[in-house]
Amino acid sequence: MTTPIISRRSALLGAVAAPLAGAAALSASPALAAADMKGVDTQVFSRFKLGSFEVTTLLDGVRPAGEPQKTFGMNVSAEEFEKVSKENFLPVDKTRFYFTPTVVNTGKELVLFDTGLGGDNGNIAKTLESAGYSADQVDIVVITHMHPDHIGGLATGGKPTFPNARYVTGEAEYGFWTTKGADNRVGKMVEALVKPQAEKMTFIKDGDSLVSGITAMAAFGHTPGHMTYMIESDGQQVALMADLANHYVWSLAYPDWEVRFDADKAAAAAARRKLLGMVASDRIPMIGYHMPFPALGYVETHGNGFHYVPASYQLQL
């Protein structure tokens, strides 16, 4: 019996023909119904352990915006802004804002830092429910500062969103918005949303203890009484930075770049250098209200500024 001789060309053609035949058979099968598009940002909370505490960041909303240099890097040239943006894979003409309140469960108290956008743009009560909490379980509401995206969720339908909570805010912050800043848009929101809770409110200063394990740290500049907080349990720490830096490149990496939302731009830059330098030196993780969700990361010194390193699994081990 003569063994057939198969050329290399014939073998290759045969190898190609087999999958093509399979593909033809598949194409003859009826198509399944297309899967629904799910959209982006379906995750609305992220939780990690910090000693005996649980810390949960909540995504209250996301907002796209154009012309970012009208907000960030206002004191640098368009050429420098474009160069930095491209080096960091960022579009020059668009940006995206994240709004991230944080819940700390100490085991004794449920503490909510900031209340989100409120109105039609945010729903802090619903986001809390997604994370397993109800608004009436919140024991303490901390207002880091009184910009609208931090106090908007204090009331829902004209009633307090957190009926069983007491409130904490900086003495200097409340004092400013109820006196010198009372007549502008923010002051009017403070009048409507914050002042009604004044009888339940504790006013704090730099270094004051909110509850055991949570300490206030002044970071004036973004607003006249802007506060940040150090959270510590069983020797583990995380710094809650609120609006110390509003963008992980255009503000955090370049702390001297001016930000439109900062009331005192020089003081805000000094606060960034001081507190970012602290967490970088001590290797303490941080939560930033406007950092990309889940808003948790680390800071390292880089040249004359800082570099943001998003957390991965370090705090979930």
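Being over 18 Å from D114 (Cβ atoms) and not in a helix (DSSP H, G or I) is the filter here; which residues of the range 171-207 pass it?
T178, T179, K180, G181, A182, D183, N184, K205, D206, G207
Give the residue that is farthest from A245 (Cα to Cα), with candidates limited to residues of the range 87-110 that are touching a Ser or Thr at 6+ places or on another chain (Cβ under 6 Å) and surrounded by 21 or more Cβ atoms within 10 Å (Cβ to Cβ).
V103
Which ones in the range 116-138 are touching a Leu at 6+ places or on another chain (Cβ under 8 Å), in contact (Cβ under 8 Å) with a residue 12 or more places away in the chain and not in a helix (DSSP H, G or I)?
G116, G118, A131, Y133, V138
Tell me, please, whether a residue that is touching a strand residue (DSSP E or B) at 6+ places or on another chain (Cβ under 7 Å), of a type in the set (S, T, N, Q) and in a strand (DSSP E or B) can be found in the range 242-258. Full working, then the answer.
Just the residues of the range 242-258 that are touching a strand residue (DSSP E or B) at 6+ places or on another chain (Cβ under 7 Å), to begin with: 242, 244, 246-248, 250-255, 257.
This time we only want the ones that are of a type in the set (S, T, N, Q), so: 246, 251.
Within this subset, residues satisfying the condition of being in a strand (DSSP E or B) are none.
No, the conditions are met nowhere in the range 242-258.
Check whether at least one residue in the range 216-233 is outside any helix (DSSP H, G or I), touching a Phe, Trp or Tyr at 6+ places or on another chain (Cβ under 9 Å) and on the phi > 0 side of the Ramachandran plot, and report yes or no.
Going through the range 216-233, the residues outside any helix (DSSP H, G or I) turn out to be 216-233.
When the remaining residues are screened for being touching a Phe, Trp or Tyr at 6+ places or on another chain (Cβ under 9 Å), the result is 216-217, 222-227, 229, 231-233.
If we keep only those that are on the phi > 0 side of the Ramachandran plot too, we end up with none.
Within the range 216-233, not a single residue is outside any helix (DSSP H, G or I), touching a Phe, Trp or Tyr at 6+ places or on another chain (Cβ under 9 Å) and on the phi > 0 side of the Ramachandran plot.
For the range 43-65, name all the residues that are of a type outside the set (S, T, N, Q) and part of a loop (DSSP other than H, G, I, E, B). If you could, list the steps in order and put the result at the bottom.
At the first step, the residues of the range 43-65 found to be of a type outside the set (S, T, N, Q) are 44-45, 47-51, 53-55, 58-65.
Listed by number, the residues that qualify are V44, G51, L59, D60.
Under 6 Å between Cβ atoms, which residue pairs at least 6 apart in sequence (or on different chains) link something in the range 56-75 that is farther than 27 Å from S46 by Cα and at pLDDT 95 or above with a partner that is of a type outside the set (G, A, S) and assigned to a loop (DSSP other than H, G, I, E, B)?
Close Cβ pairs satisfying both conditions: T71/R260; F72/H247; F72/W250; G73/W250; G73/W257; M74/E258; N75/E258.
Looking at the range 66-83 only, could you name the residues that are exposed (fewer than 14 other Cβ atoms within 10 Å of the Cβ) and assigned to a strand (DSSP E or B)?
The answer is G66, and nothing else.
Could we say that V168 is surrounded by 15 or more Cβ atoms within 10 Å (Cβ to Cβ), at pLDDT 95 or above and touching a Pro at 6+ places or on another chain (Cβ under 6 Å) here?
Details: surrounded by 15 or more Cβ atoms within 10 Å (Cβ to Cβ): yes; at pLDDT 95 or above: yes; touching a Pro at 6+ places or on another chain (Cβ under 6 Å): no.
Spelling it out, it is not the case that V168 is surrounded by 15 or more Cβ atoms within 10 Å (Cβ to Cβ), at pLDDT 95 or above and touching a Pro at 6+ places or on another chain (Cβ under 6 Å).
Tally up the residues in the range 99-112 that are within 15 Å of P294 (Cβ to Cβ) and either assigned to a loop (DSSP other than H, G, I, E, B) or in contact with a Pro (Cβ under 6 Å, 6 or more places away or on another chain) (or both), please.
Our first condition is that a residue be within 15 Å of P294 (Cβ to Cβ); within the range 99-112, this holds for 99-104.
Narrowing further to those that are either assigned to a loop (DSSP other than H, G, I, E, B) or in contact with a Pro (Cβ under 6 Å, 6 or more places away or on another chain) (or both): 100-101.
Of the residues in the range 99-112, 2 are within 15 Å of P294 (Cβ to Cβ) and either assigned to a loop (DSSP other than H, G, I, E, B) or in contact with a Pro (Cβ under 6 Å, 6 or more places away or on another chain) (or both).
Can you name the condition, by its number, that G116 falls short on among (1) surrounded by 15 or more Cβ atoms within 10 Å (Cβ to Cβ); (2) more than 15 Å from the chain's Cα centre (by Cα)?
Of (1) surrounded by 15 or more Cβ atoms within 10 Å (Cβ to Cβ); (2) more than 15 Å from the chain's Cα centre (by Cα), only one is false for G116: (2).
With (1) within 22 Å of F48 (Cβ to Cβ); (2) without any contact (Cβ under 8 Å) to a residue 60 or more places away in the chain; (3) more than 21 Å from the chain's Cα centre (by Cα); (4) surrounded by 19 or more Cβ atoms within 10 Å (Cβ to Cβ) as the list, and V141 as the residue in question, which single condition is left unmet?
(3)
The values are calculated or read from the model by the stated rules, or taken from the named source; none is laboratory data. From a predicted model like this one, the values you see are computed outputs, not experimental measurements. Here Cβ is always computed from backbone atoms with ideal geometry, including for glycine, and neighbour counts include all displayed protein chains.
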